[in-house]
2 protein chains.
Amino acid sequence: MRWIAVDWGTTSLRAWLMDGEAPIDARNDERGMNRLTPDAFERTFLDLAADWVDGPTTVRICGMAGARQGWHEGPYRAVPCTPLDGAGVKVPVDDDRLDVAIVPGLSQTAPHADVMRGEETQIAGLLARFPDFDGCACLPGTHTKWVHLSAGEVVSFQTVMTGETFQLYAKSSVLRHSLGGDGWDDDAFDTALSEALSRPERMVARLFGLRAADLLQGQESGAARATLSGLLIGAELAATRPWWLGRDVVICGSDRTMPVYDRALRAQGVTTRTLPAAESTLAGLASLVTP
Amino acid sequence: MRWIAVDWGTTSLRAWLMDGEAPIDARNDERGMNRLTPDAFERTFLDLAADWVDGPTTVRICGMAGARQGWHEGPYRAVPCTPLDGAGVKVPVDDDRLDVAIVPGLSQTAPHADVMRGEETQIAGLLARFPDFDGCACLPGTHTKWVHLSAGEVVSFQTVMTGETFQLYAKSSVLRHSLGGDGWDDDAFDTALSEALSRPERMVARLFGLRAADLLQGQESGAARATLSGLLIGAELAATRPWWLGRDVVICGSDRTMPVYDRALRAQGVTTRTLPAAESTLAGLASLVTP
């Protein structure tokens, strides 16, 4: 059976032509939710994928397209609950060849308010790949999600803005002058990670030192980037200790973030497995259309 | 004796016509260091203040105009040292009526790398107002400085990027959608401050909750702003505890930041005094020209 899988986020749109659970073609586009008004989504989708629509076509979507400002709102489902429920929320469309549904996000009110949109689909894919998994899913990204999974349900979760915070400091703060380029230094990362984990309350006082060490000692920007990353991820691990300590962890992220979190968690003696984010997204969306 | 005091920062320029220690006129301009090349500073200064130059004129400057990319570099002086030394670094000028000098910043290499430019002048002003002060100066701003003062010298200092971090989250992160306006809520500030001080390692995990509480519970943006401020200042106080604990503290900042830090420190039982930043800057620059 042919169908179309879509991951429609805030700043990007990815679509795959699927044959059952296997992707046979893929396209990317920069028309994310924040560039579109609700009435522009169907047109944008057809603009990208019209040649994949050959008669009645099933389209399953996850991500911010299901937000209030998106294509069609999929109201949050409250945890504890399974990551997905049925086939998603039906989307009214003009082109009657299309059968479109969007996966709703998840919400939590206690012990703290939290939301996710898109990650619930990755979690479903993770559970499809690792049935009966009981433990912690770590989904690093702009807003990293730490998720407690048990008996096929999302029990609770915690968002930490580590990716966005790194980008803000690296691109928009005074530190940008000292963090240019793409350099990296594993030793600097390990040192900063360990320091932030053992003294998390000192982390905020370490940041400006990255600028000062450049001005006074000509610190390499690669070492500075890795130190900033180590400090922020160390602070994140200190804050989320109850999520990962003594639990199996599956890390589900990009080629860039996954190895960094894997290194950080293994350094704490955590047993980790990894699953690429795109693979988990497709497995999650596929679970909506395949029995 | 008439002279001109200048506080020339990264993003702004403030000049005062002085009669001894008393300001008799003041002007502001947006041509900060980051809009100017080195050869444009003298022209910019005269553009702002030419009518104050009536024969030979003394001009004393503090701030980023003394950085490498500024008007004329004033190399950092290493602590421990007095905040000022002599009349500052002479600046070569074209207009020979002008006698211009810039105050150099301070640097520290141990226990951590740190720098300041401009705050050393405020500290000199603070010591002029409170002779023999022994304790901690807290200078809140974009980059808050915590300074240990003893026997008229800067012993050590610590920069925390709290002001810049607040602006980044409030203006450029996903939280901006939930932090609009100028609202404020003292109770929310106090609660967040106390929470971050007692559990500083949890602070980074609280930030995204400001967005979620808006989406799920319609949290007021004023409460969210005050909570963000309380979390960041709480984390700052936790990181700088050795600077303020058991010490007298003088807070030297703007009308906006000074009361917030005063409230936060008093809640920890700290004895505080306050001194407006502009007053301390002028008193510091005046100490260069008056015996």
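Just name the residue that is farthest from residue A:229 (Cα to Cα) out of those in region A:248-267 that are over 17 Å from the mean Cα position of the chain (by Cα) and surrounded by 15 or more Cβ atoms within 10 Å (Cβ to Cβ). Taking the candidates together, the pick is A:248.
Would you pick out the residues in region B:149-162 that are without any contact (Cβ under 8 Å) to a residue 24 or more places away in the chain and away from chain A (no Cβ under 14 Å)? Correct list: B:150, B:151. Residues of region B:149-162 that are of a type outside the set (S, T, N, Q) and either in contact with a Leu (Cβ under 8 Å, 6 or more places away or on another chain) or surrounded by 21 or more Cβ atoms within 10 Å (Cβ to Cβ) (or both): B:149, B:152, B:154, B:155, B:157, B:160, B:161.
Scanning region B:79-109 for residues that are small (Gly, Ala, Ser) and at pLDDT 95 or above gives B:101, B:105, B:107. Can you name the residue in region A:124-141 that is under 10 Å from the mean Cα position of the chain (by Cα) and modelled with pLDDT of 95 or more and, of all such residues, is nearest to residue A:57 (Cα to Cα)? Ranking the candidates gives A:139 first.
For region B:163-181, filtered to residues that are free of Cβ contacts under 8 Å to residues at least 24 places away in the same chain and surrounded by fewer than 16 Cβ atoms within 10 Å (Cβ to Cβ), the residue that is nearest to residue B:250 (Cα to Cα) is B:171. If only residues of region A:268-291 that are closer than 24 Å to residue A:58 by Cα and β-branched (Val, Ile, Thr) are counted, the one that is surrounded by the most Cβ atoms within 10 Å (Cβ to Cβ) is A:281. Being closer than 27 Å to residue B:112 by Cβ, surrounded by fewer than 17 Cβ atoms within 10 Å (Cβ to Cβ), within 21 Å of the chain's Cα centre (by Cα) and not hydroxyl-bearing (Ser, Thr, Tyr) is a description that applies to residue B:78. Residues in region A:176-190 that are touching an Asp or Glu at 6+ places or on another chain (Cβ under 9 Å) and in a helix (DSSP H, G or I): A:177, A:178, A:188. The residue that is farthest from the chain's Cα centre (by Cα), among those in region B:168-192 that are among the polar types (S, T, N, Q) and at the interface with chain A (Cβ under 9 Å from one of its Cβ atoms), is B:173. Could you check region A:193-223 and list, in sequence order, the residues that are outside any helix (DSSP H, G or I) and at the interface with another protein chain (Cβ under 7 Å from one of its Cβ atoms)? A:207, A:208, listed by residue number.
Only residues that are in a loop (DSSP other than H, G, I, E, B) and of a type in the set (Gly, Ala, Ser) were counted across region A:224-256, and they come to 3. All conditions in (1) without any contact (Cβ under 8 Å) to a residue 12 or more places away in the chain; (2) within 25 Å of residue A:210 (Cβ to Cβ) hold for residue B:197, with the sole exception of (1). Of the residues making up region A:115-135, one or more are away from chain B (no Cβ under 14 Å) and on the phi > 0 side of the Ramachandran plot.
The values are calculated or read from the model by the stated rules, or taken from the named source; none is laboratory data. These figures come from a predicted structure and were not determined experimentally. Please note: Cβ atoms are built from the backbone with ideal geometry, for glycine as well, and neighbour counts cover all protein chains shown.
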